[in-house]
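Laboratory data are not the source of any read-out in this text; all were calculated from the coordinates shown. Just so it is clear, the model here is predicted, and its values are computed rather than measured. Because the Cβ atoms are built from the backbone with ideal geometry, glycine has one as well, and the counts that use them run over all protein chains shown.
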Amino acid sequence: MHEMSVTMSLMDLVLDEAAKAGASKIVGVNIVLGEMTGIIDHYVQANFELLSQNTPAEGAALTFKNIPRQARCRGCAHVFRPTDLAWSCPRCQSLEIEITGGNELYVESIEVE
Amino acid sequence: MEIKVLKDILNANSQIAEQNRKLLTGKRIMAINLMSSPGSGKTTLIMRTVEKLEDKARIAVIEGDVSSSIDAEKLSQAGVTAIQINTGGGCHLDASMVNSALANLPLDDIDILFIENVGNLICPGGFDLGEYVRVVILSTPEGDDKPHKYPLLFSQAHALVVNKTDLLPHVAFDMEAFARVFQGLNQQAALFQVSGVTGEGIEEWAKWVTANLQKLRAQNS
């Protein structure tokens, strides 16, 4: 829902990193995106195309590594992927769970020329 | 050429949030980031808390709304220092908006600062504002199935306030089932049942707020 503000932060970050490296053009951005964030990669892509016009990042290819949400059961330590419909442990049915993955939202690397 | 970055995309927001946190704790202000759906009773909970604590603490409010200043006016009429942030369509507050608001508040005369986020159970969860505690309100007509629908917000809360308990006889809200699901997802959070209309549970909630103020003061004495 808030992809525009996330993409604005993304733009600032990659332009800053490219400038620090003395690069004149950004050709690729590798992003790690967790399912828990609710951020839709498709919208980030569309916003990025718009915001990057006339900047060194224009035309850069965004690559998303999508990380599914992951939980660990506090009862039996089973690690599983909660679905929209079921958050209880599929092994012991406990509701006592800890979210262990899917909150990621970071730039892993950029490719520059 | 590939350059390793490994930086959070919301890094800039986190840095400003950290500045806010430093400023607030330096002034010994306990800030609460209050998040919920629209209409769950954020402003009413603040008003009830003010009534309960007016002799004990000086309370101010940053009101985040997509538009209008209705809530800030309501609070100002009740004698509360309130400042409005209109996000102009934005679905959440971010740290820089709060930073600007802090510049316009009399920080030396505030003990507790409520930051009333934009009514939304999704987007506010991603943005640290520099608060001391995060509180989520859920009102009983919204239903008891919300924690698994909005796990980010519910799993990060320091306290959960179930509001509108006066409506429990009329709505399908199973408090026991709710508590089981919520506490399964979030072991640390305190859970309060309140009614902004009858005042039920406000005392216990206000005690938790005061305890956090004392804790912050002890950490920053």
### Message
Please return the ranges of helices (runs of 4 or more DSSP H) entirely within segment B:1-116 where 1 or more residues are over 26 Å from B:Gln214 (Cβ atoms) and more than 14 Å from chain A (Cβ to nearest Cβ).
### Response
B:70-77, B:95-102
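Conditions (1) within 24 Å of B:Ile46 (Cα to Cα); (2) more than 20 Å from the chain's Cα centre (by Cα), marked per residue:
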{"residue": "B:Leu153", "(1), (2)": "yes, no"}
{"residue": "B:His158", "(1), (2)": "yes, no"}
{"residue": "B:Phe173", "(1), (2)": "yes, yes"}
{"residue": "B:Arg180", "(1), (2)": "no, yes"}
### Message
Of the conditions (1) of a type outside the set (Asp, Glu); (2) crowded, with 21+ Cβ neighbours inside 10 Å; (3) more than 30 Å from A:Ser9 (Cβ to Cβ), B:Asn117 satisfies every one except a single condition; which number is it?
### Response
(3)
### Query
Does segment A:41-51 hold any residues that are more than 11 Å from every other protein chain (Cβ to nearest Cβ) and either in contact with a helix residue (DSSP H, G or I) (Cβ under 6 Å, 6 or more places away or on another chain) or small (Gly, Ala, Ser) (or both), and which are they?
A:Tyr43, A:Ala46, A:Asn47, A:Phe48, A:Leu51
### Message
Out of everything in segment A:89-113 that is facing chain B (nearest Cβ under 8 Å) and farther than 30 Å from B:Ile3 by Cα, what residue ends up being farthest from the chain's Cα centre (by Cα)?
### Response
A:Ser94
#### Entry: Qualifying residue in segment A:52-69 (condition: at the interface with chain B (Cβ under 9 Å from one of its Cβ atoms) and not acidic (Asp, Glu))
yes
#### Entry: segment A:3-31, subset in contact (Cβ under 8 Å) with a residue 40 or more places away in the chain and in a loop (DSSP other than H, G, I, E, B), residue nearest to the other protein chains (Cβ to nearest Cβ)
A:Ala21
### Message
If I filter segment B:120-151 down to residues being over 14 Å from B:His92 (Cα atoms), touching a helix residue (DSSP H, G or I) at 6+ places or on another chain (Cβ under 7 Å) and at the interface with chain A (Cβ under 9 Å from one of its Cβ atoms), which single residue comes out as surrounded by the most Cβ atoms within 10 Å (Cβ to Cβ)?
### Response
B:Pro147
